[in-house]
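S.K.: Here's a structure for you.
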Amino acid sequence: MLGFINVWFMPTVLITGGTGFIGKEITALLLRKNYEVILLSRTVASPGILNKGNIGWAGWDIKKGIIYPEAIRRADYIIHLAGAGVAEKRWTKKRKEEIVSSRVQSSKLLLRCLQETKNNVRAVISASAIGWYGPDREEPPVIPFREMDPPDDSFLGETCRLWEESLEQLEGLNIRLVKMRTGIVLGPDGGALRELLKPLRFGIATILGSGKQVISWIHLEDLCRLYLEAMENEAFLGAFNAVAPKPVTNRNLVTCLAREVRGKFYIPVYIPSFLLKWIMGEMSVEILKSTSVSADKARNTGFQFLYPSVDAALKACLNR
């Protein structure tokens with residue numbers, strides 16, 4: 001009887017960006033844990049919440065500044081993932097404005113609705129990115145970036161700063177705010193891994209630039225577990241680096257993946273920096289940038305990574 005009561009009263013999690021690569025996996029994890037989930041969707045025209053089992057859909061419109069109020073009233077936690085994809089298109093002036101506004105305006109809308117609607121929200125777990133940090137120092141020793149380090153003055157650094165600041169007034173509402181500065185996410189069926197696998201179908205392992213640039217990454221399953229831990233564990237407060245403990249170079253990542261997929265039958269091909277700059281424009285700066293990021297703050301809460309090494313992470317992705 002007590003087990004039935006615990007399931008019946010499981011909290012409700014409201015998710016923005018829940019249909020994306022990361023959002024789908026977080027939603028699936030929460031449902032396995034018997035949470036109720038409400039996904040905010042731009043395609044839901046109904047003024048109510050459309051329910052199917054433990055999952056529901058509610059409408060929102062960022063441009064019009066609308067979120068269906070019942071979704072806010074029912075939420076115990078909010079996971080905020082919404083934002084235009086950083087790597088999906090070339091960084092034109094218009095695209096850069098869209099990247100910033102999709103994050104900042106959606107955050108401000110959530111904040112306003114929480115201010116205006118009576119609610120029981122305990123915590124907001126908001127996505128951010130390690131784009132907050134600049135490049136590693138050129139002279140050894142390389143000191144991994146930590147959460148107290150200031151934002152870089154690059155486009156992504158400024159984007160992350162505005163993104164994180166847009167929700168900081170939650171503190172005045174006594175709502176705990178956690179900002180997940182996420183690295184490159186490795187997972188099956190999407191994200192960076194999908195792009196890395198494309199040339200390997202032809203036996204080509206494409207190494208970007210010198211290949212020496214450090215990549216701070218995280219397995220998708222660990223990222224989702226970290227969101228859940230941040231939601232449930234009140235020790236999580238403020239910024240956290242969502243990265244695995246062992247960053248790797250671009251060359252190591254690509255060749256490790258190539259060995260898993262092709263054995264010895266692959267050809268490493270270096271893509272020159274000048275060619276990447278010509279093809280990708282300003283975005284190439286981030287691809288060629290070396291960024292070593294510390295996972296110590298998350299580990300000091302007691303969180304344990306299932307995939308601390310890239311070898312184990314890639315094997316898990318490919319065997320799923």
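The values are calculated or read from the model by the stated rules, or taken from the named source; none is laboratory data. None of these values were measured; they are calculated from a predicted model. Using ideal geometry, Cβ is built from the backbone for each residue, glycine included, and neighbour counts are taken over all protein chains shown.
S.K.: Taking helices (runs of 4 or more DSSP H) that fall entirely within the stretch 237-316, which contain at least 2 residues that are more than 26 Å from TRP91 (Cα to Cα)?
M.R.: Numbers: elements: 250-262, 273-280, 284-288, 296-299.
Correct list: 250-262, 296-299.
S.K.: A further question follows. Which of the residues that make up the stretch 60-90 are more than 16 Å from ARG112 (Cβ to Cβ) and not acidic (Asp, Glu)?
M.R.: ARG74, TYR77, ILE79, LEU81, GLY83, ALA84, GLY85, VAL86, ALA87, LYS89, ARG90
S.K.: Those residues that are over 20 Å from ARG176 (Cα atoms) and over 18 Å from the mean Cα position of the chain (by Cα), I need them from the stretch 68-88; list them, please. Before the answer, list the steps.
M.R.: Restricting attention to the stretch 68-88, the residues satisfying the condition of being over 20 Å from ARG176 (Cα atoms) are 68-70, 83-88.
Across the stretch 68-88, the qualifying residues are TYR68, PRO69, GLU70.
S.K.: When only residues in the stretch 156-171 that are modelled with pLDDT under 95 and of a type in the set (D, E, K, R) count, which is farthest from SER126 (Cα to Cα)?
M.R.: GLU171
S.K.: If we scan the stretch 43-56, do we find a residue that is under 21 Å from the mean Cα position of the chain (by Cα) and at pLDDT 90 or above? Break it down into steps so the answer makes sense when it comes.
M.R.: Taking the stretch 43-56 and keeping what is under 21 Å from the mean Cα position of the chain (by Cα), we get none.
The answer is no; no qualifying residue exists.
S.K.: GLY263 passes all but one of (1) at pLDDT below 95; (2) surrounded by 18 or more Cβ atoms within 10 Å (Cβ to Cβ); (3) closer than 17 Å to ALA316 by Cα; which number fails?
M.R.: So the condition that GLY263 fails would be (2).
S.K.: Of all residues being among the aliphatic types (A, V, I, L, M), touching a Leu at 6+ places or on another chain (Cβ under 9 Å) and in a loop (DSSP other than H, G, I, E, B) in the stretch 61-85, which is surrounded by the fewest Cβ atoms within 10 Å (Cβ to Cβ)? Just the residue, please. Show your work before the answer.
M.R.: First pass over the stretch 61-85, keeping only residues among the aliphatic types (A, V, I, L, M): 62, 66-67, 71-72, 75, 78-79, 81-82, 84.
Remaining after also requiring touching a Leu at 6+ places or on another chain (Cβ under 9 Å): 62, 66-67, 71-72, 75, 78-79, 82.
Next cut, in a loop (DSSP other than H, G, I, E, B) only: 62, 75, 82.
Details: ILE62: 19, ALA75: 24, ALA82: 23.
My answer is ILE62.
S.K.: Right, here's the next one. List every residue pair whose Cβ atoms sit under 7 Å apart, with the two residues 6 or more apart in sequence or on different chains, where the first one lies in the stretch 88-107 and is without any contact (Cβ under 8 Å) to a residue 24 or more places away in the chain and the second, anywhere, is part of a helix (DSSP H, G or I).
M.R.: If the second residue must be part of a helix (DSSP H, G or I), the pairs left are LYS89/ARG95.
S.K.: Now for a different question. Does at least one position in the stretch 115-123 carry a residue that is free of Cβ contacts under 8 Å to residues at least 24 places away in the same chain and hydroxyl-bearing (Ser, Thr, Tyr)?
M.R.: As a first pass, look at the stretch 115-123 and keep what is free of Cβ contacts under 8 Å to residues at least 24 places away in the same chain: 116.
Then keep just the ones that are hydroxyl-bearing (Ser, Thr, Tyr); that gives none.
No, the stretch 115-123 has no match at all.
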